[in-house]
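The values are calculated or read from the model by the stated rules, or taken from the named source; none is laboratory data. Bear in mind that the values here come from a model prediction, so they are computed numbers and not experimental data. Cβ coordinates were reconstructed from backbone atoms using ideal geometry, including for glycine residues, and neighbour counts include every protein chain displayed. Protein only, heavy atoms only, side chains kept; ligands, DNA and RNA dropped before computing areas. Shrake-Rupley method; radii C 1.70, N 1.55, O 1.52, S 1.80 Å.
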Amino acid sequence: MKIELENVKPAEIEKRSFEIITEELGDTHLIPGTEPIVKRCIHTSADFDYAKNLMFSEGAVEKALDAIRNGAVIVTDTQMGKAGINKRKLAEYGSEVLCFMSDEDVAETAKKNGTTRAVASMEKAATLDKKIIFAIGNAPTALVRLYELIEDGKLDPELIIGVPVGFVNVVQSKELIMHADVPYIVAKGRKGGSNIAACIVNALLYMIDNRRD
């Protein structure tokens, strides 16, 4: 069997991938200013559903870019999400990625209160005296707790990236965030994941870089 392969140099693979994504999107309408984020999610997942299921609150992208420029920290709900974020670029803005899921005090609090570690880690994050962008790709309980903290006036995040993947309370937790008075980028439905959460943060970082060129 003969299979025709594209002759693409290693350094050009990503560029060619984005060209293919743009071609296949065709005349699909994307909200102006969100295109780099949507395309990077498709690039990460090879799933064109993100062209339809990524929801953005009004002005969320610009608010997020300003927050990163001003040193907002990124809080994730998984070590995988933390690992996937470009920490070198974040450091250029005096920022860092934090994940409290493995912290002993978080484990103790979760056990004491009968909650998930994700819930306890969101509560710990709420005590930080910093601007925060939350990148949630795994735990719907994290989104539910964030919603409660916002409603109680205990938390005012710069952005919530709400893209947990799964079946139990995933859809509902995302709907809560979209009804909170907070900037958000949410993947409606069941799809998402820590890789998607990380790639959205990276897309925001690359957008800042491109504007500096």
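A quick yes/no check of all residues on (1) modelled with pLDDT of 95 or more; (2) in contact with a Phe, Trp or Tyr (Cβ under 7 Å, 6 or more places away or on another chain); (3) of a type in the set (S, T, N, Q):
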{"position": "D27", "(1), (2), (3)": "no, no, no"}
{"position": "T44", "(1), (2), (3)": "yes, no, yes"}
{"position": "F56", "(1), (2), (3)": "yes, no, no"}
{"position": "A64", "(1), (2), (3)": "yes, no, no"}
{"position": "V73", "(1), (2), (3)": "yes, no, no"}
{"position": "D77", "(1), (2), (3)": "yes, no, no"}
{"position": "G94", "(1), (2), (3)": "no, no, no"}
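Please name all residue pairs, on different chains or six or more residues apart, with Cβ atoms under 7 Å, provided the first residue is in the stretch 53-80 and is among the basic types (K, R) and the second residue is open to solvent by 10 Å² or more (accessible area, probe 1.4 Å) and at pLDDT below 95.
R69/Y93
Give the residue, chosen from V186, V144, that is among the aliphatic types (A, V, I, L, M) and either without any contact (Cβ under 8 Å) to a residue 24 or more places away in the chain or in a helix (DSSP H, G or I) (or both).
V144
Take the residues of the stretch 137-154 that are over 16 Å from T115 (Cβ atoms) and not small (G, A, S): which is most open to solvent (accessible area, probe 1.4 Å)?
E151
At positive phi, part of a loop (DSSP other than H, G, I, E, B) and open to solvent by 50 Å² or more (accessible area, probe 1.4 Å): does that describe G166?
Spelling it out, it is not the case that G166 is at positive phi, part of a loop (DSSP other than H, G, I, E, B) and open to solvent by 50 Å² or more (accessible area, probe 1.4 Å).
Does the stretch 169-213 hold any residues that are open to solvent by 20 Å² or more (accessible area, probe 1.4 Å) and of a type in the set (S, T, N, Q), and which are they?
N169, Q172, N195, N210
Determine whether the stretch 75-96 contains at least one residue that is farther than 17 Å from N195 by Cα, open to solvent by less than 30 Å² (accessible area, probe 1.4 Å) and of a type in the set (D, E, K, R).
Yes.
Here is a check on your reading of the model: is K111 free of Cβ contacts under 8 Å to residues at least 12 places away in the same chain, more than 17 Å from V38 (Cα to Cα) and open to solvent by 20 Å² or more (accessible area, probe 1.4 Å)?
So K111 passes the test.
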